[in-house]
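Reading through the structure tokens given below for one structure.
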């Protein structure tokens, strides 16, 4: 555990705002799901599919944003401010290309992107209009992720927090007004929920940009030339680290999407049971997302100063703290699982399956959090993205996905048992990642031209 008071202040300065932001957004997701849950099982399943489609975009862009933040944190630690603007420009360029392509495909072919998840004609009919509207918010989501990554890497964590809170409040208000038709507005149901979500994404990036330019932050560029200064050396080093990272995140979310395909093919009830748990999963992970962001920034800054021993120490402390906190949250989730699923207007059978799925998640939460901080933040802070790519790809595609298909369609396990079996991939990932962490081979200063790994004894 962490006992150094100075370091604790550093952790709190980053972790508290980031956690607050994640929790607010996760509470919004829970509330949104509960409102939609009053529309029945089909609506719950539809939103569950949409959340996974959006997740493909967000996770891939998060990989890109993490790559930007890794370099930004180290250059901030070394005092090179111009490089940070160059990294921002690079992230925006790549993010715009990817988000535009995904937006076009989902908006033009909504039923096609939903069809792998379900054969239920009602879900496909109601979901088409929902995902088309939600897709319009992909571009502002990309901008939010890239700008927030750079802001956090430079210690400015409060602006993204306030932007998310503003978006959450608007989303919640519009949900209440448009889903149910309050205050004389039309009752739009799922379409109303989609409009609320998309409007909130535009408000979020607007608050970030207005706040950044008002404060004259380093991201508040006034000339396009400030974003175009990346030279061949920076591009090469960025590609070596960021592209495997983004590809890894994409492979991971495709694996998660494959799991939803399994749930959907098991039937709408099974998909709805798992979809009920998605907001709670987001909330639980969000409670500890601040530690992961903190680990990435603080470990990265120490590596940028070539303080490898302290970087290793702080990474280990943050992983241990996350595991302890996750164990406590897991107990609370298990205790409240029955009450939570009782809030949905679904059958007793779906509620029971949903509760069992929540219990499985609660049991594996500490492993998930350990992996989130260890691989997603600490190892990546040293540019160890190629190793993380191999480790996580093997865990997902050699262990998790095949196990899920066999459990569901060969042995006919219920959805909660399928979820239990496929979650063993997290244990495999943690075992491999912990061995890498102990080796010290991930400790690199990326601000130098040819970073070399060093072993900590």
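The values are calculated or read from the model by the stated rules, or taken from the named source; none is laboratory data. All figures in this text were calculated on a predicted structure; none of them were measured in a lab. We place every Cβ from the backbone using ideal geometry, glycine too, and count neighbours over all the protein chains shown.
Given the options 107, 125, name the one that is in a helix (DSSP H, G or I), at pLDDT 70 or above and out of contact with any strand residue (DSSP E or B) (no Cβ under 6 Å at 6 or more places or on another chain).
Numbers: 125 fails: at pLDDT 70 or above.
The match here is 107.
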Note to self: Kindly evaluate residue 365 against the criterion of being under 19 Å from the mean Cα position of the chain (by Cα), assigned to a helix (DSSP H, G or I) and at pLDDT below 85.
What the structure shows: no
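Return the residue satisfying two criteria in turn: it lies in the range 364-390 and is touching a helix residue (DSSP H, G or I) at 6+ places or on another chain (Cβ under 8 Å) and without any contact (Cβ under 8 Å) to a residue 60 or more places away in the chain, and of such residues it is nearest to residue 239 (Cα to Cα).
Going through the range 364-390, the residues touching a helix residue (DSSP H, G or I) at 6+ places or on another chain (Cβ under 8 Å) turn out to be 364-389.
Those still in the list that are without any contact (Cβ under 8 Å) to a residue 60 or more places away in the chain too: 366, 375, 387.
Details: 366: 32, 375: 19, 387: 15 Å.
The residue in question is 387.
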Margin query: Quick check on the range 85-92. Is at least one of its residues modelled with pLDDT under 80, touching a helix residue (DSSP H, G or I) at 6+ places or on another chain (Cβ under 7 Å) and over 21 Å from residue 221 (Cβ atoms)?
Written below: no
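Check every one of the helices (runs of 4 or more DSSP H) wholly within the range 385-457 and list those with 2 or more residues that are at pLDDT 90 or above. Full working, then the answer.
On the way: elements: 385-394, 401-409, 415-422, 424-439.
Helices (runs of 4 or more DSSP H) meeting the threshold: 401-409, 415-422, 424-439.
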Notebook entry, point to check: Name the pairs whose Cβ atoms lie under 6 Å apart, with the first residue in the range 323-349 and on the phi > 0 side of the Ramachandran plot and touching a residue at least 12 places away in the same chain (Cβ under 8 Å), the second surrounded by 12 or more Cβ atoms within 10 Å (Cβ to Cβ) and assigned to a helix (DSSP H, G or I), and 6 or more positions between them or separate chains?
Noted result: none
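Hey, any hits in the range 249-261 for a residue that's out of contact with any strand residue (DSSP E or B) (no Cβ under 9 Å at 6 or more places or on another chain), more than 21 Å from residue 372 (Cα to Cα) and at pLDDT below 85? Explain how you work it out, then say what you get.
Restricting attention to the range 249-261, the residues satisfying the condition of being out of contact with any strand residue (DSSP E or B) (no Cβ under 9 Å at 6 or more places or on another chain) are 249-261.
Narrowing the set further to residues that are more than 21 Å from residue 372 (Cα to Cα) leaves 261.
Checking which are at pLDDT below 85 leaves us with 261.
Yes, because at least one residue in the range 249-261 is out of contact with any strand residue (DSSP E or B) (no Cβ under 9 Å at 6 or more places or on another chain), more than 21 Å from residue 372 (Cα to Cα) and at pLDDT below 85.
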Checklist line | Criterion violated by residue 12 - all others in (1) modelled with pLDDT of 75 or more; (2) buried (at least 24 other Cβ atoms within 10 Å of the Cβ) satisfied | finding: (2)
Notebook entry, point to check: If residue 179 passes every condition in (1) surrounded by fewer than 19 Cβ atoms within 10 Å (Cβ to Cβ); (2) within 24 Å of residue 131 (Cβ to Cβ) but one, which one does it miss?
Noted result: (1)
